[in-house]
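The values are calculated or read from the model by the stated rules, or taken from the named source; none is laboratory data. Everything quoted here is computed from the prediction, not taken from an experiment. Neighbour counts run over all protein chains shown; Cβ positions are idealised from the backbone, glycine included. Accessible surface is based on the protein model in full, side chains and every heavy atom, while ligands, DNA and RNA are left aside. Shrake-Rupley method; radii C 1.70, N 1.55, O 1.52, S 1.80 Å.
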Amino acid sequence: MASEIRTVGVVGLGAMGAGIAQLCVEAGVETVGREVTAELGEKARDRIAHFLTRKVEKGQLGQDARDAAVARVALTTDLADLAGCDLVIEAIVEELVPKQELFAELERICRPDTVLATNTSALSVTEIASATSSPERVVGMHFFNPAPLMPLVEIVRAERSADAAFDAAYAFGEKLGKHPIRCHDTPGFVVNRVLIPLLNDCVRVLDEARVTVEDLDAGMKHGAGWPMGPCELLDLVGIDVHVHASEALWAKLREPRMAAPARLVAMANAGLLGRKSGHGFYTYE
Ligand code: CAA
């Protein structure tokens, strides 16, 4: 595997992909971001530039360092432009078949020593890797939302991951200033295995205890020390994303707590997706 990660490709520049690309350029790594349209790519670069400018305004980053970081973002719509990358991190839609197709394509495009990582939160890294003929170079690198702020990255060993790829991903997590933890490829890995049913419990308690959204959030913040309430967190993650992840865990583990509560499914169907749609449990400007 590539002994040093100098150039990274990030495929999919939504909230997670843009956050991961931001971390890479802040760490001094040349980063090629791929989106399906140039407009979506520009939107992601604007988002990265915005958050880095806020760091300058708050005295957390120098202007020159900010400008250099923004300049390290290269945008493309063509996957072939990732050919020179030492590591590619995938952050596209959370569906198995598109991810498998992408990894098969990346295998064709990239050097044999390029490490291929998926940021999947609830799918099987092993199943994604199985679409390639070199599954030993595929690992999970699971970041948390918002990626630039959350210190954790789960480094996930799939059934056929090679030590070299796993170690390279771990070292790169450290280079990004994250706290990496090692785990195996089980449904939900470590944090989501615990957090997803817990958030589902919180939503069920909303109805059972006839508590308001605000009071439930206050309860978990002030009674359990959470940095934000469960409803605020679901709005941040995205109701649709959470429902999708719940369904993936439920499909694998069949534990009733994994299944998304009807209230969340109804919200997702109604387009009440949280912060990104302007409406979820709360309303956003
Ligand atoms: N990307 C980059 N920078 C961001 C950002 C983002 N998405 N969001 C905020 N920032 C920057 C902003 O510049 C912000 O400063 P300004 O508002 O002054 O511009 C700065 O970060 C600090 O933001 P906050 O003041 O809001 O920071 P905070 O101290 O209130 O902490 C928090 C925010 C870290 C999100 C904290 O509330 C927290 O830890 N919440 C819990 C989040 C959590 O549990 N995440 C995991 C979700 S589960 C998951 O991700 C798994 C999955 O697979 C779905």
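For region 15-104, the fraction of 1.4 Å probe accessible surface lying on carbon and sulfur atoms is 52 percent.
Using a cut-off of 22 Å between Cα atoms, the listed pairs Lys99/Lys252; Lys175/Lys252; Lys55/Lys178 include Lys175/Lys252 as exceeding that distance. For region 1-49, the share of alpha carbon pairs falling in successive 5 Å distance bins from zero is 5, 23, 34, 21, 10, 5, 2 percent. With only Cα atoms counted, the chain has Rg and Dmax values of 18.9, 56 Å. Quick one: check the C-alpha center-to-center distance for region 105-133 versus region 27-67, whole angstrom. If you average the Cα positions of each part, the centres end up 26 Å apart. Comparing Asp235, Asp207, Asp185 in a Gaussian network model of the chain (Cα springs below 10 Å), the most mobile by mean-square fluctuation is Asp207. For the pair region 135-172 / region 68-101, the C-alpha centres are spaced 16 Å from each other. Heavy-atom accessible surface of region 11-161, averaged per residue, reaches 41 Å², computed with a 1.4 Å probe.
Taking label points 7 Å from Cα along the Cα-to-Cβ direction, Asn269 and Glu127 give a separation of 2.4 nm.
Of all beta bridges that DSSP places with both ends in the chain, some 20 percent have antiparallel geometry. Here the chain is assigned +1 on the Cβ of each Lys and Arg and -1 on the Cβ of each Asp and Glu. Its dipole about the Cα centre then comes out at about 400 debye.
Once divided by 2.2 N^0.38 Å, the Cα radius of gyration of region 1-119 becomes 1.05. Placing unit charges on each Cβ (+1 for Lys and Arg, -1 for Asp and Glu) gives the chain a dipole about its Cα centre, and among Ala69, His222, Leu233 the Cα reaching farthest toward its positive end belongs to His222. Computed about its Cα centre, the charge dipole of region 165-285 is approximately 300 debye, with only Lys, Arg, Asp and Glu carrying charge at their Cβ. Springs join every pair of Cα atoms under 10 Å in this Gaussian network model of the chain, and among Glu30, Glu95, Glu136 the largest mean-square fluctuation is at Glu95. For region 172-265, the orientation-averaged shadow of the C-alpha convex hull comes to 7.1 nm² (one quarter of the hull surface). Which of His184, Asn269, Cys202 sits closest to the plus end of the dipole of region 139-269, meaning its Cα is farthest towards the positive end, when Lys and Arg get +1 and Asp and Glu get -1 on the C-beta? Value computed over the given set: His184.
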